[in-house]
Amino acid sequence: MDIPQTLIDEAVNDEVRLGDVYKIELSKADGIIPKNGYDTRDKFFVVLGFDEQGNVYGGILFNSKINQNLPTPIKDYHMPISTKAYPFLLHDSFLNCTKIFTATSTHLMKGEKLGTINTADFDLIRCTVCSYPNAVPYELKRFGLINEE
């Protein structure tokens, strides 16, 4: 029996909070490049905001390390996150604050909630994402990261 999408959206909306970290499966269609010939890849997703309907979530992804081939201005917007502060991490990691990814309520429901970013770190992450020089204002507004001006 298939669950109606509206019920999935409502159930997830009641549970998801800003700063929540989910382990979700993403593919090339989601904007990531799976490794080793796989079609999908598990990634850790930090919820930064919601669209107006509350059914699509904007967030950023964890990376194990910073790709050294990236230009310095992009590397500078990868925020270190430690296992000491977040025991759900297997090793110290980085949050890529240069690109907002989207996840639907179905993505999150199929994933696993791992924990929540603390308030101080969340505020720093949000500021870092918003201050990235190539941030797309439409995306920032769409997920409530900046106000309409």
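The values are calculated or read from the model by the stated rules, or taken from the named source; none is laboratory data. These numbers were taken from a predicted model, which means no experiment stands behind them. Every residue, glycine as well, gets a Cβ built from its backbone with ideal geometry; the counts of neighbours run over all protein chains shown. Accessible surface areas use protein heavy atoms only, side chains included; no ligands, DNA or RNA. Shrake-Rupley method; radii C 1.70, N 1.55, O 1.52, S 1.80 Å.
Out of the residues in region 68-107 meeting the condition of being small (Gly, Ala, Ser) and open to solvent by less than 50 Å² (accessible area, probe 1.4 Å), tell me which one is nearest to LYS23 (Cα to Cα). Filtering region 68-107 for residues that are small (Gly, Ala, Ser) and open to solvent by less than 50 Å² (accessible area, probe 1.4 Å), the one nearest to LYS23 (Cα to Cα) comes out as ALA103.
Screening region 108-138 for residues that are among the hydroxyl-bearing types (Ser, Thr, Tyr) and under 16 Å from TYR57 (Cα atoms) and picking the one that is surrounded by the most Cβ atoms within 10 Å (Cβ to Cβ) gives THR116. The residues of region 1-33 that are open to solvent by 80 Å² or more (accessible area, probe 1.4 Å), assigned to a loop (DSSP other than H, G, I, E, B) and at pLDDT below 65, listed by number, are MET1, ASP2, ILE3. Quick check on this structure: which one of THR83, THR98 is within 25 Å of LEU140 (Cα to Cα) and of a type outside the set (D, E, K, R)? That would be THR98, the only listed residue that is within 25 Å of LEU140 (Cα to Cα) and of a type outside the set (D, E, K, R). Could you tell me whether any residue of region 94-104 is of a type outside the set (D, E, K, R) and over 14 Å from the mean Cα position of the chain (by Cα)? Within region 94-104, none of the residues are of a type outside the set (D, E, K, R) and over 14 Å from the mean Cα position of the chain (by Cα).
If you go through region 139-149 and keep only what is open to solvent by 70 Å² or more (accessible area, probe 1.4 Å) and either in a loop (DSSP other than H, G, I, E, B) or farther than 13 Å from GLU52 by Cα (or both), you end up with ASN147, GLU148, GLU149. For region 103-133, a tally of residues being farther than 21 Å from LYS43 by Cβ and either in contact with a strand residue (DSSP E or B) (Cβ under 7 Å, 6 or more places away or on another chain) or not aliphatic (A, V, I, L, M) (or both) returns 6.
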